[in-house]
Every structure is written in C-alpha cells, then in structure tokens.
Amino acid sequence: MLLISSVKESIEAVKILPCKCVSCHNVNLRVNFSMIFHHFGKYVLLLRKVFKRPEKWKIYSKEIFHEMNEIGIGSLGLIVIISTFIGAVMTLQIAFQLVSDLIPPTVIGQINRDSNILELGPTISALVLMGKVGSAISSQIGSMRVTEQIDALEIMGINAPGYLILPKVVAGAVMVPALVIIAIFCAITGGLIGGSLSGAVAPSDYIQGIQGGFNGFTVAVALVKAFVFGFIITSVPAYMGFYVRGGALEVGQAGTKAVVIGCISILVSDYLITALML
Amino acid sequence: MIEIQNINKSFGENHVLKGIDAIFEPGKVSLIIGGSGSGKSTLLKCIVGLHEPEEGKVFFSKEEFTGMDFEQRVPIRRDIGMLFQNSALFDSMTVEQNIVFALDMFTDLSKKEKIERANFCLERVNLKDKNKLYPAELSGGMKKRVGIARAISMNPKYLFCDEPNSGLDPATSILIDELIQELTEEYQCTTIVVTHDMNSVMGIGEYILFLYKGEKFWEGSNEEMLRSDVQELNDFVFASPLMKAARTTIK
C-alpha cells in the first residue's frame, strides 16, 4: 500500500509541467519525457522556416561571409592552440604507455594520427566551438528576441529564422570542417614538436609513423562528423535563443542550456556516426 | 483602414482580450489606452500578427489578415511601419543601415537612391547628421525618432506605435506626438498608437479606444472623453491632480 501511494504521489508530482516557450502558452505537458519530443518537434519546425527561400540572396550571402569570418577566423587561434597541445600531450602519453622493445616507436605517430583524425580533432574542436560559438549565437539571438528586434524583422515581412539562422548554419557547416582539418594538422604537428622536445620519440620515427598505414576513409569520417557538428553548433543555440522569453537572466540561462544540450548532441551524434561509418 | 472583429486572446488561464471590435480610419491617429495589464500591447500585437488571436478577425483594407499564412502576409507587412516601445533598432547596424535595411531587402533601388531615402527620412525626424552613429550612441528620444524614420522608410499605409512616449521627457514626448500626427496626415496612413500618456491622449487622440480588464469599455474622441460619465474611464484618465484640474477648468 505504501508503495502504491508513493507511486501515486510521484505521478501527481510530474503530472502537469507547463512549457515556458513563447509559442506554447496553452500547452500543458503531461510528463517531463514528452517535453523532449515537444522541443525536438519545435526545433524541426524552426529548421523548416530556416531553410525557406531567402528574400534576397545578395543580403544572405553577405551575411554568410560575415558569419564565416566570425565562426571560422574568429575561432582559428583557439583551435590551433588547443589542438597543438592535445597532439603534444597525446604523443607523450602514448610513448609512456607503449614503452616496450616489442613495439616499434613509429606506432606512436600512427596512433596519434588516427586518434586525432577520427576522434580528438573533430570532437574536441566541436566541444570547444560549442562553448565559444554556441553561447555567442544563443546570446545574440536571445537578446534580439527580448529587445523585440526579431519582432521588428517579422513586422517588416522578413523571415526572421531564415535571415538570422540560415547564414550561421551554412557558415558552421562550411567552417567547422575547415577548422577540424586545421585542428588535425596542428595536433599531428604538435605531436611531432612535443615528442621531439621531450625526447619521447625521434622525429624520424614519428614522421615514418604518421606516413605508414594511412587510410583515407578516416578523413572522410572526420569530415562527416565535422559537418554534422557544425550544424549542431549553430542550430541548437539558435533554437534556444530564438524561443527565449523574459530578460537578461533568461538569455544567460538559454546560453548555458544551449551549450549543455549542444555538447550532449555532439557526443550522441559522434557515437552514431562512428557506429554507422566504421 | 483597419477593422478588428471579436478579438479574443488568452495566455493559459489568463483571458487577456475579450471580444474587441473596432474600426481604425486612415488619416487619423487612433489611440488604444488603458491601465497596465489591460491588454493594449497584446491587442496591437494581435493586429500586426505577432500574436495569433484565438477568435476574431483582423482586416487590412478589407483583406482578412488573420487567415493568411506568413507568405500571404508579406505584401501587407511591407505596408506596415512599426515603432516599438524600446525602439527595437538593430544594434549591430548604424542609424543609416537600420533605415536602409527594409529598402535593401525589398526594393531594387540603387545605393545612392537608398541613401537619399534614408537621409530624407532622417531629415523628416530632425536627425540628419546622425547617419553613422550606432543605436547605443543615441539618447532615448533619438532612438524613438530613428525608429519612426525606419517605420516610414517604405512609405507605410499603416503605422503602429507601441508606447512611443515611454521613458521620454515631456518636451520630447510632445515632439514625438507631433511627428506621428504630421506623418499620419502626410502619408494618409492608418495610425494606431498604444499609450497611457495623457498628454498624447489630449494632444493627438482623434479616436480613442479604452480597454478595461481586456474589454472594450469606451470609444470616442478626446473631446468626448472629457465629457464622459464612464467611471472607469474617468478613474483612469483623471487620476492625476493635473488632469483633474484641467477637467474642472474645461467644465
């Protein structure tokens, strides 16, 4: 009896959870779990509006180049520094774990190359970009929402999701793969520098290692991941910002939520792509 | 002309607008007044399509606006100019870019023609030398004037102003009111202003719609308002000692 009553109490506790979205004033959702589907549905509907035909390509293309500069060039320094150090540390750790007369030192370069191409390059870069670019997108669109700038666009007859989000998504899908390629290059170079400076591996062994047994398909996997991550990094924060309601506090909260949800989405999609392609 | 019929809007359990009907004539400044939370801004947002009413219809020049989808609304929206409560200027753009934005998006004018149009609009609101400033560099009154300049850039047939005087000193408020009235007469546009500024009500209120607890409680001109016996209206309009004194003097 006690068990039944506690279960009833639990059900009562989660019975009605009002959604706080701008467009959902009347929706009372039954359980927390269904809220995930509710937001996913809204996200898909937003994307439908994002990919509507632009009012004027000239203005959109200008915005796309502007966003490419913001997302790509603006994050280049950070990506170079992080990936170079990751490559260097990876080399030292692989060398530390694989010290044996039976294992040739060229393996260090090989492992470093493959792990950077397949996992560290795309995923770490994406997580870093989610923090930097994602929170900026969410705050930018969120503050436009709370200061009625999005309403002003809609009043003018402009498709606000298209104008605000499409250039960011296109820029993300183009620039994140480019940044990932640079990250992979920096990580492999960082491994060479780190290994040589510490004496963990001879430069000639490392270079021989990174050249041996190379499978080009791993780069294709990395690029697919980078493309998907680029889409997530821009579209998820844009969704969070677009439907924010309230003021400065809610804009900040939306930025935090965007980064958390975006990072989880990146990790889930990372697993799915790896499982499907390898 | 804008006509609204039986507008009802709720947010959850809160029934904000209860069956509002009204006709707003072109060439006239129409005011929507009422206390805080009476549904003024919600009604304005229902008219321009930022909120969808649960019931009721909105007609722009006899064309039903409420039943249209986004694409169908675009031609009507190009005829709408709106001044927002906090101006809602695009803060990443200069004053000139804010005004030129709609022209860029919807016209094929040359760059020179667009700049000329922006200068004309800025001159109209007495801000000609402020083209290259960003919204953050402007005062509250200047932002409102840039908002008006942006609203008139496409020669609107319908002009909406959401509390144009909020946060402004009395002198600037009067300037903004005069500007709205002048532009309404000049463009012969249908102008709807949401306000609770009594100076505006007395100065430019040719048609006044008084909302009380989400219902249309009274309508008429500012002169009729002075002689009205509706208690709720009088409690709202003549709340301040100054207005009470003015009424006594007029009577």
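The figures follow:
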{"quantity": "Distance in nm between pseudo-label sites at B:ALA245 and A:LYS49 (7 Å out along the Cβ direction from Cα)", "calculated": "5.0"}
{"quantity": "Acute angle (nearest 10 degrees) that the helix A:57-68 long axis makes with the longest principal axis of chain A, alpha-carbon atoms", "calculated": "50"}
{"quantity": "On Cα atoms only, tilt of A:248-277 relative to the major axis of chain A in degrees", "calculated": "50"}
{"quantity": "B:GLN72-B:GLU178 FRET efficiency (beta carbon distance; Förster radius 45 Å; 0.05 resolution)", "calculated": "0.80"}
{"quantity": "0 to 90° range, to nearest 10: angle between helix A:217-242 axis and chain A longest Cα axis", "calculated": "30"}
{"quantity": "Candidate lysines - alpha carbon under 17 Å from A:LYS52, same-chain residues fewer than 8 apart omitted", "calculated": "A:LYS42, A:LYS168"}
{"quantity": "Relative contact order for chain B, counting Cα pairs under 8 Å that sit 6 or more residues apart, in percent", "calculated": "27"}
{"quantity": "For chain B, built as a Gaussian network whose Cα springs stay under 10 Å, the top-fluctuating residue of B:GLU63, B:GLU219, B:GLU52", "calculated": "B:GLU63"}
{"quantity": "Rg(Cα) / (2.2 N^0.38 Å) computed for the protein assembly as shown, rounded to two decimals", "calculated": "1.24"}
{"quantity": "The stretch A:58-277 - convex hull of the alpha-carbon atoms, volume per residue in Å³", "calculated": "127"}
{"quantity": "Rough spin-label spacing in nm, given labels placed 7 Å along Cα→Cβ, for A:GLN211 and B:GLU55", "calculated": "8.1"}
{"quantity": "Residue (of B:GLY67, B:SER228, B:LEU122) at the positive-pole extreme of the protein assembly as shown, dipole from beta-carbon charges", "calculated": "B:GLY67"}
{"quantity": "Most mobile listed residue (A:LYS132, A:LYS62, A:LYS49) in chain A, GNM with C-alpha springs under 10 Å", "calculated": "A:LYS62"}
{"quantity": "Size of electric dipole in the stretch B:133-251: Cβ of Lys, Arg +1 and of Asp, Glu -1, about Cα centre, debye, nearest 20", "calculated": "160"}
{"quantity": "Within chain B, percent of DSSP bridges classed antiparallel, to nearest 5", "calculated": "55"}
{"quantity": "Cα centroid separation, the stretch B:64-116 to the stretch B:1-45 (Å)", "calculated": "24"}
{"quantity": "Model label zone, A:LEU98; criterion: amide N under 15 Å from point 7 Å along Cα-to-beta-carbon; scope the stretch A:190-225", "calculated": "A:191-192, A:195-196, A:200-215"}
{"quantity": "Mean separation of Cα contacts under 8 Å, 6 or more apart, over the residue count of chain A: relative contact order %", "calculated": "29"}
{"quantity": "Convex hull of Cα atoms in the stretch A:76-117, direction-averaged projection (nm²)", "calculated": "2.9"}
{"quantity": "Selected from B:ASN131, B:ASN155, B:ASN14 as most flexible by GNM, with chain B as the system and alpha-carbon contacts under 10 Å", "calculated": "B:ASN14"}
{"quantity": "At R0 = 35 Å, FRET efficiency that the Cβ-Cβ distance of B:GLU186 and B:GLU13 yields, to 0.05", "calculated": "0.20"}
{"quantity": "Gain in span if fully extended, A:HIS38 to A:HIS66, counting 0.36 nm per residue against the direct Cα distance", "calculated": "6.8 nm"}
{"quantity": "Pairwise Lys count, the stretch B:141-251 - Cα closer than 27 Å, eight or more residues apart or different chains", "calculated": "6"}
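Every read-out reported here was derived from the displayed coordinates using simple, explicitly stated rules and does not represent laboratory data. As the structure is a computational prediction, the values presented were derived from the model and not from experiment. Note that each Cβ is placed from the backbone with ideal geometry, even for glycine, and that neighbours are counted across all protein chains shown.
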